[in-house]
Amino acid sequence: MYRIAVLISGSGSNLQALIDKIESGYLDCTIECVISDKKDVFGLKRAEEHGIKTFVLERKEYVRGLSEVIYEIVRGKVDLIVLAGFLSILDGDILKGFRNRIINIHPSLIPSFCGIGMYGIKVHEAAVKSGVKISGCTVHFVDEGTDTGPIILQKTVPVYYEDDACALQLRVLEQEHRALPEAVKLLSEGRVNILHNRVQISGWEDIDD
Ligand code: GAR
């Protein structure tokens, strides 16, 4: 069975999408644990309601060493680490130990509106302000940079003149909830290859939710 750890910092709606897709049978994997860098977030409740083991590692208590503690928890126990709205930056040995086995969901079409300081609503504020007509979400591998790893898949949404950041956020979030389970499915089925920093997917046409 393909085992994943899900890292969160907030409401955990992407975590919920994974839980739902496991329960529906779309995903053949288990969530071994949920790790949050903030206490009392709703995502932790979602995990507990589904009997998933949780860890709270408050960022302020682990100014240095958060990644090391996470590595200790997941090492040898999971096949994939999923950053689902996790706002701390992973660094150090975990990036080597889990090379090409950590993925992140970002709420824009990378390489637009991403990088240091670009997260959550700020991403959508920047997208609306820029006047782009299309936005979306990206699932990508995590490497030493911020939002720089190979892109696994992207989904797009229209941006309307009338949109504010919140309206766009909701539209993108709907697509995130499709994209993240799809990416996990592709990885769990061994259908993702990285060639020269680009992702090649085999049997892409079979993917459907
Ligand atoms: C999601 O929109 C996710 O893409 C974003 O945080 C939100 C978490 O929502 N992540 C980033 O901005 C990372 N750069 P959720 O807690 O409801 O899944």
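Structure notes:
- Listed by first and then second residue, the pairs with beta-carbon distance under 7 Å, at least 6 apart or on different chains, first residue in the range 1-15 and more than 21 Å from Asn100 (Cβ to Cβ) and modelled with pLDDT of 95 or more, second more than 7 Å from the ligand (Cβ to nearest atom) and assigned to a strand (DSSP E or B), are Ile8/Val34; Ile8/Ser36; Ser9/Ser36; Leu15/Val6; Leu15/Val34.
- Meets criteria (within 16 Å of the chain's Cα centre (by Cα), surrounded by fewer than 18 Cβ atoms within 10 Å (Cβ to Cβ) and within 12 Å of the ligand (Cβ to nearest atom)) for Gly115: yes
- Which listed residue, of Gln175, Gln169, Gln200, is polar (S, T, N, Q), over 16 Å from the mean Cα position of the chain (by Cα) and on the phi < 0 side of the Ramachandran plot: Gln200
- Matching residues in the range 55-72 - criterion: being touching a helix residue (DSSP H, G or I) at 6+ places or on another chain (Cβ under 9 Å) and within 23 Å of Leu187 (Cα to Cα): Ser67, Ile70, Tyr71
- The test for being away from the ligand (no atom under 15 Å from the Cβ), more than 12 Å from the chain's Cα centre (by Cα) and surrounded by fewer than 18 Cβ atoms within 10 Å (Cβ to Cβ) does not hold for Gly145.
- Scanning the range 8-44 for residues that are assigned to a loop (DSSP other than H, G, I, E, B) and more than 10 Å from the ligand (Cβ to nearest atom) yields Ser24, Gly25, Tyr26, Leu27, Asp28, Asp37, Lys38, Lys39, Asp40.
- Filtering the range 73-96 to residues that are part of a helix (DSSP H, G or I) and touching a helix residue (DSSP H, G or I) at 6+ places or on another chain (Cβ under 9 Å) leaves Val74, Asp93, Ile94, Leu95.
- For Ser67, the conditions (1) of a type in the set (Gly, Ala, Ser); (2) in a helix (DSSP H, G or I); (3) surrounded by fewer than 21 Cβ atoms within 10 Å (Cβ to Cβ); (4) out of contact with any Gly (no Cβ under 6 Å at 6 or more places or on another chain) are fulfilled apart from (4).
Quick grid of which residues meet (1) within 12 Å of the ligand (Cβ to nearest atom); (2) without any contact (Cβ under 8 Å) to a residue 24 or more places away in the chain; (3) surrounded by fewer than 17 Cβ atoms within 10 Å (Cβ to Cβ):
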site	(1), (2), (3)
Leu153	no, no, no
Tyr161	no, yes, yes
Glu182	no, no, no
Ile194	no, no, yes
Arg198	no, no, yes
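- Extreme residue, nearest to Ile152 (Cα to Cα), among residues of the range 73-132 that are of a type in the set (Ser, Thr, Tyr) and in contact with a His (Cβ under 9 Å, 6 or more places away or on another chain): Ser108
- Residue in the range 159-169 that is touching a strand residue (DSSP E or B) at 6+ places or on another chain (Cβ under 9 Å) and hydroxyl-bearing (Ser, Thr, Tyr) present: no
The values are calculated or read from the model by the stated rules, or taken from the named source; none is laboratory data. Bear in mind the structure is a predicted one, so any value in this text is a computation, not a measurement. In this analysis, Cβ positions are derived from the backbone assuming ideal geometry, glycine residues included, and neighbour counts consider all displayed protein chains.
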